[in-house]
Amino acid sequence: MSLDWPRPVPLARDGAGVGADFTLSEGEKATFVLRRLDPNSQSMRCPSDGESEDLFRDTVAYWRALALEIHFTPDVGGKRSTAPR
């Protein structure tokens, strides 16, 4: 498996995984995307701050809409069930 990390911060092996260290000051933002790459794919640019805000808002809206469609029933016999509304 290949991973794309389009940031100027280098990744380092950490046991069976990888890690990166970076520091943000108060009020600073860091946008980063970790994505699986096909071996023949090229690295893609990281979204701009504005694009990442839009993507975040879209993701939150998606999950909120999905949550409104799910009805949780009370815990019965130790099992919790869900059903579409």
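Each value in this text was obtained by applying a stated rule to the coordinates, not by laboratory testing. If you're wondering where the values come from, they're calculated on a predicted model, not measured in any experiment. Because the Cβ atoms are built from the backbone with ideal geometry, glycine has one as well, and the counts that use them run over all protein chains shown.
Extending 7 Å from Cα along the Cβ direction at residue 56 and again at residue 32 yields two label points whose distance is 1.5 nm. At full extension, residue 25 and residue 40 could sit 1.7 nm farther apart than now, given 0.36 nm per residue minus the alpha carbon distance.
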